[in-house]
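The values are calculated or read from the model by the stated rules, or taken from the named source; none is laboratory data. Predicted, not measured: the structure shown is a model, and the values here were computed from it. Counting neighbours? That spans all protein chains shown, and the Cβs are built from the backbone with ideal geometry, glycine included. These area figures cover heavy atoms from the full protein model, side chains too; ligands, DNA and RNA do not enter into them. Shrake-Rupley method; radii C 1.70, N 1.55, O 1.52, S 1.80 Å.
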Amino acid sequence: MPFEAHSAPVRNRFRVAALSLTCVFAIAACGGKEEAAAPAAGTQPAAGASPQVVAPVAPEVTVSDLISAARRAESANQLVAPAGDNAIEYYLQVLAKEANNVSATQALVDLFPLAAGNAEREIANRNLEEAARVVALLDQASPGSYTVSTLKSKLNAARTQMQRDEERRLAQEEAARQREQAAAQAAAAPPPTPAPAPAQ
């Protein structure tokens, strides 16, 4: 009986202790969820994860910047080359932003004959891809001009001549190959058998 008399309070204490532990675990679990959700809010990247990198916005190139670049290229004698970093292209970009820009318009007029001379040299040296690029720039600078039309005609003639030269070269190589093959076959053929002498 003494055991039964004291067993009820003991059981009640165990229940209270178990209930307290359950609350502690529940609170800890809620706190863990909040901590786990924190990185998802975007404030802190997870350990080992790469943070998102936002590319800086490039400042817009102004007309003043383009004219400065064009004059620098002009001083360095980069009238039409290299592609993307030459005076003609920079001045054309100025006109794309300001169609009536006097400085760019006058500069293109002044540089046009020199650039046309560069195109002539490239055609003469058979650098036809480079010549075509320069002629295209000149066509933008002065659309439909007589000089551009003449350069286009020379460029087309040079392309035709180069194609003919290439066809002639291939034909000569083929003829030489056939001659070598015929000579090799003749050398490999057995000598002809001499005819028997007539009986006396």
Peptides ranked, highest mean first, by Cβ atoms within 10 Å: ranges 71-81, 180-190: 71-81, 180-190
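If Lys and Arg each add +1 and Asp and Glu each add -1, what is the summed charge of the other residues whose beta carbon sits under 12 Å from the beta carbon of Ser145? Kindly include the intermediate steps, with their values, before the conclusion.
Values: positive: Lys152; negative: Asp139.
Spelling it out: positives minus negatives among the neighbours equals 0.
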Probe 1.4 Å, all protein chains in place: accessible area of Asp110 in Å², nearest 10? 90 Å²
Taking a ≥ b ≥ c as the square roots of the eigenvalues of the Cα gyration tensor of region 77-143, is the shape rounded (a/c under 1.5), prolate (a/b larger than b/c) or oblate? prolate
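Using a ≥ b ≥ c from the Cα gyration tensor of region 110-182 (square roots of the eigenvalues), is it rounded, prolate or oblate, where a/c under 1.5 gives rounded and otherwise the larger of a/b and b/c decides, a/b for prolate?
Working: a/c = 4.89, a/b = 3.66, b/c = 1.34.
Prolate shape, in that a/c is at least 1.5 and a/b is the bigger ratio.
Can you give the local net charge around Ala132? Use residues other than it whose beta-carbon is closer than 14 angstrom to its beta-carbon, Lys and Arg +1, Asp and Glu -1. Walk me through the numbers on the way to the answer.
On the way: positive: Arg121, Arg126, Arg133, Lys152, Lys154, Arg159; negative: Glu120, Glu122, Glu129, Glu130, Asp139.
Surrounding charge for Ala132 is +1.
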